[in-house]
1. Can you pull out the residues in segment 96-120 that are in contact with a strand residue (DSSP E or B) (Cβ under 8 Å, 6 or more places away or on another chain), open to solvent by 40 Å² or more (accessible area, probe 1.4 Å) and among the small types (Gly, Ala, Ser)?
2. Considering only residues that are in a strand (DSSP E or B) and either of a type in the set (Ser, Thr, Tyr) or in contact with an Asp or Glu (Cβ under 8 Å, 6 or more places away or on another chain) (or both), which ones fall in segment 24-57?
3. Give all pairs with beta carbons closer than 7 Å in which a residue from segment 101-114 that is without any contact (Cβ under 8 Å) to a residue 60 or more places away in the chain meets a residue that is of a type in the set (Ser, Thr, Tyr); count only pairs at least 6 apart in sequence or on separate chains.
4. Inside segment 27-44, can you point out the residues that are among the aromatic types (Phe, Trp, Tyr) and farther than 19 Å from Ile55 by Cβ?
5. Please verify whether segment 72-95 includes one or more residues that are assigned to a strand (DSSP E or B), acidic (Asp, Glu) and surrounded by 15 or more Cβ atoms within 10 Å (Cβ to Cβ).
6. Among the residues of segment 14-40, count how many are over 15 Å from Tyr74 (Cα atoms) and either over 17 Å from the mean Cα position of the chain (by Cα) or polar (S, T, N, Q) (or both).
7. Taking the options Ala60, Ala49, Ala33, name whichever one is touching a residue at least 60 places away in the same chain (Cβ under 8 Å) and either in contact with a helix residue (DSSP H, G or I) (Cβ under 6 Å, 6 or more places away or on another chain) or among the hydrophobic types (A, V, I, L, M, F, W, C) (or both).
8. Of all residues in segment 96-118, which are part of a strand (DSSP E or B) and at positive phi?
Amino acid sequence: QVQLVESGGGLVQAGGSLRLSCAASGETFNRYAFGWFRQAPGKEREFVAATSSQINTYYADSVKGRFTISRDSYRNTAYLQMNSLKPEDTAVYYCTYDPSGNYYNAADWGYWGQGTQVTVSS
């Protein structure tokens, strides 16, 4: 059974930084992509970033140049470094793994963590 556990969320002022971690267990995690999505109150879950098993990276336009996704296959952990945070980045951030199709579509991902809250104050 695959399990994903996020950590690193919190409250930060606009312009600040946070690093989210996603610790994975249950199988060898070199084979598939990791991703990050976020969901703000009253909004749909939206794609943030993904990294493939070949370490290709993909980003939503809203976070390009500010967020960096990475993975440490030895530690079975994915990261999301978030810099220059804005109030509109406030959301619950979810780690996900093993997409069956379109990285940008939440319904195509197989496993999800419980989420971690990120709040950016103005």
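The values are calculated or read from the model by the stated rules, or taken from the named source; none is laboratory data. Not measured: the values here are computed from a predicted model. Note that we place each Cβ from the backbone using ideal geometry, even for glycine, and neighbour counts take in every protein chain shown. Only protein heavy atoms, including side chains, enter the accessible area calculation; ligands, DNA and RNA are left aside. Shrake-Rupley method; radii C 1.70, N 1.55, O 1.52, S 1.80 Å.
1. Hits for segment 96-120 are Ser100, Gly110.
2. Selection gives Ser25, Phe37, Arg38, Gln39, Thr51, Thr57.
3. The qualifying pairs are Asp108/Ser100.
4. Phe37
5. The answer is no; no qualifying residue exists.
6. Of the residues in segment 14-40, 5 are over 15 Å from Tyr74 (Cα atoms) and either over 17 Å from the mean Cα position of the chain (by Cα) or polar (S, T, N, Q) (or both).
7. None of the others qualify; the one that does is Ala33.
8. First, pick out the residues of segment 96-118 that are part of a strand (DSSP E or B): 96-99, 109-112, 116-118.
Passing the criteria: only Asp98.
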